[in-house]
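What follows draws every value from the coordinates through simple rules; no lab data is involved. These figures come from a predicted structure and were not determined experimentally. Neighbour counts run over all protein chains shown; Cβ positions are idealised from the backbone, glycine included.
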Amino acid sequence: MKTLDAIAAELEGYDPQALRADRVNEFLSRLVEPVLEQDQVSIFQALGRVLGSDVISPVSVPPHDNSAMDGYAFDGGQLQTGNADGGPLVLQVVGTALAGKAWHGMVKPGQCLKIMTGAVLPQQLDTVVPQEFVAVRSGAVEGNVEFIAIPRGLLQAGDNRRKCGEDLMEGQPALRKGTLLTPAALGLLASLGIGQVTVMRKLRIAYFSTVDEILSVGEAPREGAVYDSNRYTVFGLLTRLGCDVIDMGVVHDEPGLLEAAFQHAASQADAIITSGGVSVGEADYTKLIMRKLGDVAFWKIAMRPGRPMAVGRIGQSILFGLPGNPVAVMVTFLAFVRPALLRMMGSTQAATPLLKARSLAPLRKKPGRTEYQRGIVSQTGDGVLQVSAIGNQGSGVLSSMVQANGLIVLHHKQGDVGAGDEVDVMMFEGVL
């Protein structure tokens, strides 16, 4: 287990008093380690969990060659033969193959098989013509015998055939360890007949607010105090991430209470998250107790909103001390804490990807810090993403985070942005 000083020595340009945002994630990637314990759960309980071992496919998917269309199956080699004048390929229909039932019989040259989507292709047949592309020739129906005509140049041999194992081959990895299990992954597991999987155990995260001038929901208003929104925002962020949240409420600015809270949290949680009490000059005991109990660094991050943040260890728990302003809490969580927690969960998933969008208006920005501006991302008629910043970007304007659907990320060296320029955006969907 490396000390914070050892980690800092590995980072080029590390300056805790003016730390670049990209250095924060580098630091945290060295600080946190994945949990080791695993659980066995049913796929109904696996959504949002991280896969603890590779899933090897017990079957091939699909298990046999089958039709991708409702149509007529035949030997595609016949497309190269036929009338010298280039007329249609005429085939006799000798039966019907339904999905879920194997068709038994022989299909000779000059013959075809009516087939439904998903039905097994008999071994000698490799091509399917969609039913809407064929025609019954005039006089081609004689009694109960049906013929179809396939126009030349319409198909190539092998068209509309799903090959055995083209999705997954038996014995090959279907999902890798570290995969964050999505609804699509659950469907894939079910398609293999797998009802239980090994997943990493859930993270246990203890959270409390530390600022004295806040009220909990249910308390009567008082002059100079505001209701604590951070506790509920962080609860939502952690719950959506699939963590077990230990809600410790509001811990008031008294050394004994703070020390007891940190010790209690460290005894049962993989990580501790606090909000408030980490800014320079704040008249409270939070930073003092953090230093007393653990190996903790206090940063001024070159970012907006945000800037103050504490990280380190108290006992075996990772500590994330976030600022007190509501928007700053959410931004620092999304930019730094969430990627670190995903790593602790054992996930190999990259952090939320940045998308490119065209700015609808000029944006003012000074080089030398990373800015996360709240924005509304939309799409033009031709599919191009565009974004406009929400007017009031104050770090206490919580309503702006509800109105926004993403963050405009203006990087450390970036300057002013002109209307029409491309910018990076971090979308909220499924995260916030």
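A few points about this structure:
- Separation of the Arg222 and His64 label points, Cα + 7 Å toward Cβ, nm: 7.6 nm
- Whole-Hz couplings from phi, Karplus 6.51/-1.76/1.60, listed for the range 373-378; x for Gly and Pro: 9, 5, x, 10, 9, 9
- Each peptide in 254-265, 312-323, 356-367 was scored by the mean count of other Cβ atoms within 10 Å over its residues; highest first, the order is 312-323, 254-265, 356-367.
- In sequence order, the range 2-12 has phi-based couplings of 7, 6, 5, 5, 5, 5, 4, 5, 7, 9, 5 Hz under the Karplus curve 6.51 cos²θ - 1.76 cosθ + 1.60, θ = phi - 60°, and Gly or Pro positions carry x.
- Spin-label proximity, Ser29 to the range 342-378 - amide N less than 11 Å from point 7 Å beyond Cα toward beta carbon: 350-351
- Cβ-Cβ distance of Glu132 and Phe44, R₀ of 45 Å, FRET efficiency by 1/(1 + (r/R0)^6): the value works out to about 0.70.
- Entry note, the chain: relative contact order of 17 percent, from Cα contacts under 8 Å with a spacing of 6+ residues.
- Rounded to 0.05, the FRET efficiency of the Ile56 and Ala102 pair, given R0 = 22 Å and the Cβ-Cβ distance, is 0.25.
- Prolate/oblate/rounded call for the range 355-427, Cα gyration tensor, a/c under 1.5 rounded: oblate
- Under 20 Å from Lys101, Cα to Cα: lysines that are on another chain or at least 8 residues apart: Lys114, Lys163
- Anisotropy class of the chain from Cα gyration tensor, a/c 1.5 cut: prolate
- Backbone N under 13 Å from the Asp421 label point (7 Å along Cα→Cβ), restricted to the range 371-400: 371
- Put simply, when 180-190, 35-45, 340-350 are sorted by average Cβ atoms within 10 angstrom per residue, most first, you get 340-350, 180-190, 35-45.
- Simple label model, 7 Å out from Cα along Cβ direction - Thr3 to Ser378, nm: 5.6 nm
- Each of Cys164, Cys243 was scored by other Cβ atoms within 10 Å of its Cβ. Listed from fewest to most, they are Cys164, Cys243.
- Each residue in Val311, Val327 was given a count of other beta-carbon atoms within 10 angstrom of its own, and listing them fewest first yields Val327, Val311.
- Across the cross-link table entries Lys300/Lys366; Lys300/Lys365; Lys287/Lys413, which are compared at the Cα atoms, the separations over 29 Å belong to Lys287/Lys413.
- Distance histogram in 10 Å bins (all Cα pairs of the range 66-162, percent per bin): 17, 54, 26, 2
- Fewest-first ranking of Ser399, Ser229, using other Cβ atoms within 10 Å as the exposure measure: Ser399, Ser229
- Of the GluC sites (Glu not before Pro) found in the range 169-245, those in coil by DSSP whose Cβ has at most 13 other Cβ atoms within 10 Å are Glu213, Glu219, Glu223.
- At R0 = 60 Å, FRET efficiency that the Cβ-Cβ distance of Thr117 and Asp247 yields, to 0.05: 0.75
- Sum of -39500 (n - 2.57) over DSSP H runs of 4+, divided by residues of the chain (222 nm, nearest 500): -5000 deg cm²/dmol
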